[in-house]
Each structure stands twice: as C-alpha cells, then as structure tokens.
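See structure below.
The values are calculated or read from the model by the stated rules, or taken from the named source; none is laboratory data. Model, not experiment: these values are computed from the prediction. Neighbour counts run over all protein chains shown; Cβ positions are idealised from the backbone, glycine included. For the accessible areas, the whole protein counts, side chains as well, though only heavy atoms, and no ligand, DNA or RNA atoms are used. Shrake-Rupley method; radii C 1.70, N 1.55, O 1.52, S 1.80 Å.
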Amino acid sequence: MNKIKLVAIFSVVLLVGIVALDYKNTSIEQVNDQLASNPPAAGGEVPFGDISTGSSDSNTVAGFKSTTSTRSVFKVKEGNVTSYSDVPSRNQGSTTGTAEIIQVKTSVPSTGDSNVIQVGQSQWASQFDLFPQDQDGWSIIEPAADSRLIYVSNSTGNDSNAKFYSSKEITNPHNPPSNVLAYKTVSAALKQQRADHADWVLLKKGEEWDSGAWYLNSGRSSKEPLVITSYGGDYEKRPLVKTGTNSAVILKSGKSFIAITGIEFYANKRDPNGVNFIGWDNVQSPGGFVSVVGSNQPSQAITLEDNVFNFYGGAVVFSGSDSQKNIVVRRNQLLNSYSTSSHSQGIFTSKTTMLLEENLIDHNGWYQQNYETLNSREKGQATWFNHNIYISSPLDTVITGNLITRSSSIGIKVAGSANTETKQNGVVAENLIVSNNLFAEGEIGISAGGNKDFDNGYRFKNFTFKSNVMIHLGDSQPLRRTFAMGIQTVDWDGGVITGNQFLYTDNEDVTNIHGVDISGLTRNVTVSNNTFKNLRDSTPVSPYNDEPVENLIIENNVAVKVNLSSRHDLTSYFNTGGAGNAVSALVEKSKTQSKFSWNKAYTASEINEYLMN
C-alpha cells in the first residue's frame, strides 16, 4: 500500500488540503522547473530524456513516480480535504518509453553583413528554429544573396514601370532610396515573387490598400523564407490592408518557409462600427491568415510577427489533415473575431507545433453579449464554442507571455477528441507549456479537456501550466451566465499546475466560481503553490474524479481575502477608476505596441509581476 500523506494547515489564510502519494523524494518543484525551462523539441525526432531524479523506478512518466494498483478518492469541502480513502482499482501500468523533455540548446549564428546588432536568441530558439533577435526581442530576418526586393506604394507606385531589386543593390531593404520604383498594387508585386525563393514584398508604411486574398508561394528554407513586410520610417504606422469580407492571406497544400511581419489586416466591411460595414446578412466568415494542409502535405517554418488581424471570422488558422510544425506567432494583435454562421476563434490550430508568444489576443469569438437563446450566433453573439485560443491535438507547443483578454468563453481551449471509429481514447495532445500569460475576463482561463470522450483512456500528456495570472474571470458575462473557472483538466497523464494566481471575480452576480477542477482519468498530476484571491465561498481546487486516479498531488495552494484598498489589480496598475475600465485600459495600451513602439510596461510579464505581489 502506498503511503498517503494528508496535510491540512489552518491560519489567517486558508490553505487547500494536501493529499500526496509517496514519490520517493523526487522534488515536484524540481520536476516542474525542468518542465518549464526545458521545453520539448518542436516536432523534432530527438528522443526525449527521463527527467526524474533519485530513483531507478521503472514506472516513471514525465518525471513522476507511478503506482499500478491504487485509486485515490477525494472528498473536498470548503477548500480542505475532509475525507479520503484508497480503494482497489484496475491495474494501470505506466506507458512505455521515458518522459519527453530535452534541454534547451541555443547558439548564436554568424551576424553576417547586417548593420543590426544581434544580441542573442530566444530561450525557445532550439525548439522552434527561430531567427536571431535584436536587443528588444524582435526577429532579425535578412535577404538571401539572390532575393528579389519588391516594393509597393499606393501613393507613388506604378505597376507599368515598377521593377524589383536584388539584395546587392539595396543595403537596408526596410529603408530603400527615395527613388525606388515601386508597384502600386500588391497583386502585381506578388506576381514577381518566385516559388521556393527568398523573395520579399515590402509595403510602404502609413499607406492603405483595398485587397482580395493573397495566395502565397513557399520560400526556400527556414532561414531564407519568402517575406511580406514593410518599409519606410521607423515610427510610421503599419501598412493597412483592407480586405472587406475576404480572407487576407491563404496558404494551401503545405506552403512553407514564410514570414509576414509588420502588416495590419482589417476586414473593414465586417466592422459593425466602421463606415464600410456591409450589413449583418453579408458579413460571411473569412480568415485573416489561413494555412490549410491536405493529406501528406505538411507545412513548416511559418512566422507571423508584429501584425494586426482585426474583425475576421478567425484571425489566424492552421488546420487540415496533416501536421504544421515550427510555427511561430509572436507579438501580433488578434482582435475582434466573430461569426454569424460558424464557430469563431482568435487563433485556431490543429496538429500544430507552435510558439505563441507575447501576443495581444482580445475579444475573439463574439461581437456582442448573448441576448437571445444561449449560443445564438445572430449578429455575432457570444457562444460557448468560441474562444480566444483553440488548439486541437497540439504537440510540443509553448504559449507564453500573451495578453489573453475578453474571450467569448475560454481563454485557451485545448482539445483532444477520442477516435470516433474505434470509440477509444488515446493521447492526442502532448507536451504543452502555458506560462506567464495574463488572462482577463471571459468565462474560463484554460480548459484542457471536453470534446469527444469515451471514458476509457488518457487524452492529454505532459502539460505544464505555470505562473499565469487570471483576473476578473466571469465579470463581463459574455454568455449572461453566472459562471467562472480558472483551469479545467480532464484525462491527464502527467502534468503540473503551479505558481498560478486566480484573482478577483468582482461581479456579485457571478456565483458559480471554480478555481482548478480536475476530472476524468488522472495520473501523475500535481497542483501546487497556486494562489486564489477573493474567490468568495468557492473551493479553490476540486477533484471531481469518477474515473481511476493515480498520484494526484494537491498541496500548498493558498486562498486569501484581500481588501479592495490594498490589492494589486489592473485598476491600481493603470490608475483607472474601475475594474471594467482597467481591462479596457490594458487592451488600449497594448494596441499601441509595435516593433518601433514597444513598452515593457504593457506586457504580460511586467503586469503579472505586479499583480502577483
């Protein structure tokens, strides 16, 4: 019989009860730190190493020790474990193979002839084959020796006498000579881009175009991509591409090696507050950026950085029947997605390996609060199918440093549906890190569960949710429900939820509040060192398991009450007059961010540091 350790601490603060199975002196904090600092390789073939320490136990999964014959049943009341029991259950042996974590290895490539100082690499560089970065964390992308530089200016360009230039002719592609012969239309410029080459199309900053969808070719390689970017003065506005009710960028049949940076895409005829609004019957549901892959057509090495996608049916979409690897989406703004005819997300991915970093992902899945039947889509109402981030069957993915605000329902939805033909669960989502994000409003922070489940196996493996802040969940009631939840887990095989803070649901009408809910088949999961502030009478951590549980450790979670006058929240951070105003202030300040106007005070890492203290 495994040892059961029960610790209940009562003080001025309420600590959630602790139930821990003996794990032979393995440090859960050490395991979690390795999970968070040494993420899995992104789609690589490198075998992952066992990160457990101090034991040669053969039953090791993701650094945790497993048991084969014990089910732990918990009854939780008012935040403390009031009873527990061990009962026999079916034998559940550990999975074959070892845990899947490798070390980060970074190397700074030669700086070449660039006149930009390269100061290093992202901590995720080896996982996602990132470009080198400047001192402010922006990607440094340079033309190849044979790149075409193709300029576009709506004000001075002329399609009939424009020309492309070689990278040898123009030293700095972002600041060409004033007499450069530019094209007038983007469509004419795109015709000059060659498939499988590192050609660049550069739009002039501060100018606008009306445009249909762009269908792009592949570039040459991850370091010599096809590039869509901008040129002109550093502090000019991004080029604005107005697409009406059309999609903005479409990649088909596994197009790869592409970088799009510094462009604003706006579905202007879908903006109900805009002068060009086409009417609710005609808004359609276009995508902002859409990459679709067919069977045996995988894509790879796509970078989106410093772009804006506004008022699309889905801002960014990676979907299809094959995989998409080495996808990098960082420092973009994904805003105001909604649909009147289908589901709508800020970003949707399927079978994708991705770095999602330091983006503003705001008000997606809805235009307005539900006012009719629940889940009505008419005129862009909120539904519980629509979210800021929806990732289906992710592999080796990192979501970090994002501002995830005002979702229709869930901030991050992680889906892993069972096989409907065999009616058998299986692990379809593996190696996910969600760290240091700021969630504000919406109903739920993170849900990793739900969808098709036959209650006969694990579906999610090796997940780490660490150092995230969730504030004002439920307050805006997009669906008019009285519901708020921090994190939901279902059918996890290995995971850590640690160091997160769940703060201040202030709306008194929101009464059904949950901190962390754990359900389904569960093995080797630790929920530790999380803080819950002003959750009223709700239970911070709730195991609702009606399926076998192994090694579920719940410890050192703290629930506290903080007076309004002394709390650190968005109102005090932005010095505004109310919680709703403070979330709006957060969003509006974040919308001013760009490559040449980057203020760390408006980033998740800076704001979280303040909120956590």
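What the table shows:
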| item | result |
| --- | --- |
| Cross-chain or 6+ apart pairs with Cβ under 7 Å, segment 422-445 first and of a type outside the set (S, T, Y), then open to solvent by 30 Å² or more (accessible area, probe 1.4 Å) and assigned to a strand (DSSP E or B) | G426/N419; E430/L395; N431/L395; E443/F483; I444/Q488 |
| Selection from segment 194-206 of residues that are crowded, with 21+ Cβ neighbours inside 10 Å, out of contact with any Gly (no Cβ under 7 Å at 6 or more places or on another chain) and not hydrophobic (A, V, I, L, M, F, W, C) | D199 |
| Flag if S447 is open to solvent by less than 10 Å² (accessible area, probe 1.4 Å), polar (S, T, N, Q) and at pLDDT 95 or above | yes |
| So L334, is it buried (at least 21 other Cβ atoms within 10 Å of the Cβ), hydrophobic (A, V, I, L, M, F, W, C) and under 21 Å from S408 (Cβ atoms) | yes |
| From the options G365, G416, residue that is on the phi > 0 side of the Ramachandran plot and open to solvent by less than 10 Å² (accessible area, probe 1.4 Å) | G365 |
| Residue count for segment 501-512, restricted to those that are in a strand (DSSP E or B) and either open to solvent by less than 30 Å² (accessible area, probe 1.4 Å) or within 24 Å of N431 (Cα to Cα) (or both) | 3 |
| Condition met for I553 (modelled with pLDDT of 90 or more, under 24 Å from the mean Cα position of the chain (by Cα), surrounded by 15 or more Cβ atoms within 10 Å (Cβ to Cβ) and outside any loop (DSSP other than H, G, I, E, B)) | no |
| Residue among G515, G442, G474 that alone is part of a strand (DSSP E or B), buried (at least 24 other Cβ atoms within 10 Å of the Cβ) and in contact with a strand residue (DSSP E or B) (Cβ under 6 Å, 6 or more places away or on another chain) | G515 |
| Of all residues in segment 582-601 being without any contact (Cβ under 8 Å) to a residue 60 or more places away in the chain and in contact with a Leu (Cβ under 9 Å, 6 or more places away or on another chain), the one that is farthest from K533 (Cα to Cα) | A585 |
| Output for segment 477-500, where each listed residue is of a type in the set (G, A, S) and open to solvent by 10 Å² or more (accessible area, probe 1.4 Å) | G499 |
| Test: residue in segment 520-541 that is of a type in the set (D, E) and part of a strand (DSSP E or B) | no |
| Residues located in segment 258-269, provided they are in contact (Cβ under 8 Å) with a residue 60 or more places away in the chain and either under 18 Å from G346 (Cβ atoms) or open to solvent by less than 20 Å² (accessible area, probe 1.4 Å) (or both) | A259, G262, I263 |
| Test: N462 is surrounded by fewer than 20 Cβ atoms within 10 Å (Cβ to Cβ), within 21 Å of the chain's Cα centre (by Cα) and at positive phi | no |
| Qualifying residue in segment 172-188 (condition: in contact (Cβ under 8 Å) with a residue 40 or more places away in the chain, assigned to a strand (DSSP E or B) and buried (at least 20 other Cβ atoms within 10 Å of the Cβ)) | no |
| From V558, V541, V583, residue being open to solvent by 30 Å² or more (accessible area, probe 1.4 Å) and hydrophobic (A, V, I, L, M, F, W, C) | V558 |
